[in-house]
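Quick note: the coordinates plus some simple rules give every number you see, no bench work behind them. Everything numeric here is computed off the predicted structure, so don't read it as measured data. All Cβ positions, glycine included, derive from the backbone under ideal geometry; neighbour counts span all protein chains shown.
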């Protein structure tokens, strides 16, 4: 169907009912005859919206030939293909996305799902902004669109399955800071629907995912402090229902065992909500640790404030290590030793893994690990010398 779009400039001399009208092409001459010669302020912009059948009629070829030519099919000779594509461009032909998806049985759209709030009340979509941008650019360069959804999973365990059943996307990239469970994926797996998790895994249960080497990071932190001479360390742990945070706690415990540190004083302390009670209890029972490792930078700074109440400050009285490198704005207050990592890199790897899954290149489920970068700053140093009396 051809349509002409008429836009009349403001004029008191024009009929009051005229503004913006869509008129079938067959009626263009009637409108021009009635109004154009009487009102010279008319501006006309014609927008041609056609389908492949109408394009084929104009070119004098079959609809099948048009379809093949626009798809770049080698069965159409080069000259005919160039002619069809040139006319299509000249007439402003735009493929019908819905029809194309129906024929090809794919939407050429990837769902990017960002799940809810973390336990630290950090908006996941803000935390993952670099990853989302990279995913969009990577997929755009490959001819895909993205459908971005931000949701809470609490009470919506069927959300991911419903999204797949709507057939609006060909695959899913799922990013979350919150705990994530196998039950959320049951429907996707039954449908054999391609998806990749970012920043979460499911333990021993195999799933396509891109995660940090959280275990290795805290192991490295203990190793570093041990090398400085520290023998009394604490790890301020987050919600162990989150695979990343659980792995960080495992890494700490493993390093304590491997370096034969006394497990009675080298402890994991629950600090999910910045719970000062657990840390204060440790201080009263065992005295101040010489090294503190927190599961993120926010908790590291909260621990610093609590320890300041006991007249302790880094790096003189203890060493302090965070995770995430998200608070460089506090560099004047404290130059925090921490771990950094690229969410953009994780997003890029997630795109490549998902497309491999969609194309059948990946048979076994793959767990891709990204190694965080240790940033040594001024919050760490040798342990304080113990003063002994004669």
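Need one word for segment 250-290: rounded, prolate or oblate. Basis is the Cα gyration tensor (sqrt eigenvalues a ≥ b ≥ c); a/c below 1.5 gives rounded, then a/b vs b/c decides.
oblate
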#### Entry: For segment 337-363 and segment 139-202, distance of Cα centres in Å
15
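Please work out whether segment 248-319 counts as rounded, prolate or oblate from its C-alpha gyration tensor, where a ≥ b ≥ c are the square roots of the eigenvalues and a/c under 1.5 means rounded, while otherwise a/b larger than b/c means prolate and anything else oblate?
Numbers: a/c = 1.61, a/b = 1.37, b/c = 1.17.
Because a/c hits 1.5 or more and a/b exceeds b/c, segment 248-319 counts as prolate.
Counting residues in segment 107-390 as N, plug N into 2.2 N^0.38 Å and put the Cα Rg over that result. Numbers along the way, then the final one.
Numbers: Rg = 20.8 Å, N = 284, 2.2 N^0.38 = 18.8 Å.
Relative to the rule-of-thumb radius for its length, segment 107-390 sits at 1.10.
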### Task
Could you tell me the distance between the Cα centroids of segment 289-319 and segment 236-274, to the nearest Å?
16
### Task
Could you sort 258-268, 223-233 so that the peptide with the highest average Cβ count within 10 Å comes first and the rest follow in order?
223-233, 258-268
